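Heads up, the thing below is written out as structure tokens.
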Ligand SMILES: [Zn+2]
């Protein structure tokens, strides 16, 4: 059943507030382990016995990513072993290796080298964890056969949690999810029941399609970025202006919107817009679970696409859905 992990914003006063909001239950949370590791004060506190759960103040599932946003040929700022051991020590539930991000422009040979290096780092990390589950990260860039081979090898190594890496550049404004959907579907065809995470997926209108193809877990800080750019998320796509709200085509049930004097007020207030966006993702995932549990995902996708395409006629989401569904 789908699960969404907002990326924890340690410097935002807004985030902890909404963890405590009973109206917006957050099931799980993604924390950047590298920020904690490189900050001397937090690292010292962790060395003295502080756990990640105490630090974040969140009782449910916690996952850490390694902060592996670095190139292949540049010297490593930290070692794979060190960051995995650190995540195990702070008792994260799901740890991540230092995988090698592979942008769509990478050639086949480079993508293959990065995939091999990532596999080696996962193999190196598996014996280092006991409390935490180590994520088997799939790389392979834009090459479907490399991605499939990578996933098969992760499964043979014994990975019990999988993540599909380097898909973020494919999440575009026109919502063409054909490639992403193929990657997810291929992966699910060999992964059995192993949980499968899509890094960086956080637009509520895209999550049902990914879940239909076999993805389970999503994480993103999209709720912050969308708000910063003035986008108001809805289950049918993010709006730039309150027109559809004023026309009565959509009404949101979150606290920010309920307390607003006029439907468009939340658009002009970044803090309230951020809270609204986070609530909307969590609520969409909750609804997605209900539709899946009752076997109505296809009907719900049709309904969702009708509204989405009415608002965004140029979107490729419906085309992707049809292409994947044939
Ligand atoms: Zn709202």
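Here are the numbers for the structure shown:
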| read-out | value |
| --- | --- |
| Choice from 241, 186, 27 with maximal GNM fluctuation in the chain (Cα, 10 Å cutoff) | 241 |
| Top of 104, 208, 169 by mean-square fluctuation, Gaussian network on the chain, Cα under 10 Å | 169 |
| Of 271, 48, 82, the one that fluctuates the most in a GNM where the chain has Cα springs shorter than 10 Å | 48 |
| Tilt relative to the chain, helix 108-125 - C-alpha long axis, 0 to 90 degrees, to 10 | 70 degrees |
| Net lengthening on full extension, residue 258/residue 116 (0.36 nm per residue, minus Cα-Cα) | 46.1 nm |
| Ellipsoid semi-axes in whole angstrom, largest first, where each is sqrt(5λ) of the Cα gyration tensor of the stretch 3-219 | 27, 22, 16 |
| Antiparallel DSSP beta bridges within the chain, percent to nearest 5 | 5 percent |
| The chain, relative contact order [Cα under 8 Å, separation at least 6], % | 16 percent |
| Helix 80-89 axis, angle to the chain major axis (alpha carbon atoms, nearest 10°) | 70 degrees |
| C-alpha long axis of helix 297-311 to longest principal axis of the chain, angle in ° | 60 degrees |
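Since every read-out is calculated from the coordinates, none of them should be taken as a lab result. All of these numbers come straight from a predicted model, not from anything done at the bench.
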